[in-house]
Amino acid sequence: MRTITQTHTGMIVSDTDLNLEYLYVGDYGKENNIKADFLGYTKRIEKDVHKPVDVADKLVVTVSTQKGCLESCKFCDCPKFGFKGNVPYFELMSEIVNGIAFSKITQGERLNVHFARMGEPTWNPNVIKVARDIGNISNNWFKEYHPVVSTMLPNNNKKLEAFLQDWCALGYDAKWNGGIGLQFSINTLDEADRNDMFNNQSLSLQEISDLAKRLPPPAGRKYTLNFAATGKCNLDPALMDKYFDKDRFIVKITPIHATEAAAVNNFTTEFDFDVYDKFEKPLVDAGWQVIVFIPSHEEDADRITCGNSLIALEAEKK
């Protein structure tokens with residue numbers, strides 16, 4: 001059964017037969033929900049207020065790479081769904097194609113595909129094949145195409161580095177405008193707290209640092225260090241400099257999503273911009289390029305976090 005859930009800027013598609021969940025959303029625009037001095041967006045943002053969007057300007061399709069997830073991060077609700085395998089090639093293609101079809105776009109400016117919903121994408125080699133194949137046809141409908149992999153860097157994936165090397169190489173091979181994106185989920189530079197958040201399933205910060213040095217320089221835009229932060233997270237610029245190269249990485253700071261798991265495990269969502277001021281300014285002063293992203297309250301209410309729609313449908317069955 002396929003269930004369509006309208007959101008404030010798009011829709012979530014939940015397929016209980018295939019155990020898939022994917023969505024498309026529009027974009028509020030950089031001037032409305034980010035602060036990034038290096039891009040010229042210097043305005044302090046207290047909160048992002050919902051407004052109508054035109055998905056033809058920028059369509060974001062976010063897809064599941066696994067049916068559930070092998071990992072059990074303590075801030076994510078996805079583990080409640082269990083794990084039912086990697087998403088096969090054609091099903092992964094269909095998530096993207098259907099997301100575009102449901103948006104009703106026939107000609108658009110930009111297509112972003114985020115391999116970042118249910119699952120850890122580095123476990124699924126189909127991700128790279130699909131990203132390339134969509135890129136080869138996307139220019140029929142979009143002027144730009146930008147696929148993004150977000151990874152929590154699982155410590156038991158022996159093929160992790162091979163996947164990341166192949167993904168980065170795709171950026172050099174890509175024939176489309178927009179290039180690839182690679183995002184590391186870091187969240188905090190306190191090793192013990194980070195181990196707790198990721199349930200001891202991610203590489204150590206030193207291991208991530210060593211791996212990052214072996215990756216090729218970014219083809220186009222820099223790689224991203226993502227900090228889904230609570231007020232207690234550690235973003236010490238000295239530690240950031242110790243582990244990562246500001247010539248290869250930018251820092252992205254955003255509130256951790258208000259999931260049930262985050263609440264149970266006391267990972268508090270912070271919407272007060274002062275919390276992000278204390279993280280952003282020291283990093284900017286240390287020479288880092290920093291994006292502060294503030295989502296709207298409607299986004300959490302829309303069940304946009306991993307697996308929440310399918311989990312709700314499974315609960316209704318019971």
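Some points to look at:
- Among residues of segment 101-150, those that are among the basic types (Lys, Arg) and without any contact (Cβ under 8 Å) to a residue 40 or more places away in the chain, counted: 2
- Subset of segment 176-203 [over 14 Å from residue 244 (Cβ atoms) and part of a strand (DSSP E or B)]: 181, 202
- Considering only residues in segment 177-199 that are surrounded by fewer than 17 Cβ atoms within 10 Å (Cβ to Cβ) and free of Cβ contacts under 8 Å to residues at least 40 places away in the same chain, the one that is farthest from the chain's Cα centre (by Cα) turns out to be 192.
- Residue match in segment 235-242 (condition: loosely packed, with under 14 Cβ neighbours inside 10 Å and either within 26 Å of residue 72 (Cβ to Cβ) or not aromatic (Phe, Trp, Tyr) (or both)): yes
- Any chance residue 180 is under 30 Å from residue 141 (Cβ atoms) and in contact with a strand residue (DSSP E or B) (Cβ under 8 Å, 6 or more places away or on another chain): yes
- Residue list for segment 147-156, filter: of a type in the set (S, T, N, Q), assigned to a loop (DSSP other than H, G, I, E, B) and under 17 Å from residue 115 (Cα atoms): none
- Members of segment 244-274 that are assigned to a helix (DSSP H, G or I) and surrounded by fewer than 19 Cβ atoms within 10 Å (Cβ to Cβ): 260, 261, 263, 264, 273, 274
- Qualifying positions in segment 96-118 - modelled with pLDDT of 95 or more and buried (at least 21 other Cβ atoms within 10 Å of the Cβ): 96, 99, 100, 111, 113, 115
- Of all residues in segment 154-170, those that are in contact (Cβ under 8 Å) with a residue 60 or more places away in the chain have Cβ atoms under 7 Å from Cβ atoms of residues that are among the polar types (S, T, N, Q) and assigned to a loop (DSSP other than H, G, I, E, B), 6 or more apart or on another chain, in 154/201.
- Any chance residue 155 is modelled with pLDDT of 95 or more, buried (at least 18 other Cβ atoms within 10 Å of the Cβ) and closer than 28 Å to residue 257 by Cα: no
- Cβ-Cβ contacts under 7 Å between residues 6 or more apart (or on different chains), taken from a first residue in segment 219-239 that is free of Cβ contacts under 8 Å to residues at least 40 places away in the same chain to a second residue that is assigned to a loop (DSSP other than H, G, I, E, B), are absent.
- Considering segment 210-231, the residues that are part of a loop (DSSP other than H, G, I, E, B) and in contact with a Ser or Thr (Cβ under 9 Å, 6 or more places away or on another chain) include one that is farthest from residue 150 (Cα to Cα), namely 231.
The values are calculated or read from the model by the stated rules, or taken from the named source; none is laboratory data. Remember, predicted model here, so these are calculated numbers, not experimental data. As a convention, Cβ positions derive from the backbone with ideal geometry for all residues, glycine included, and neighbour counts pool all protein chains shown.
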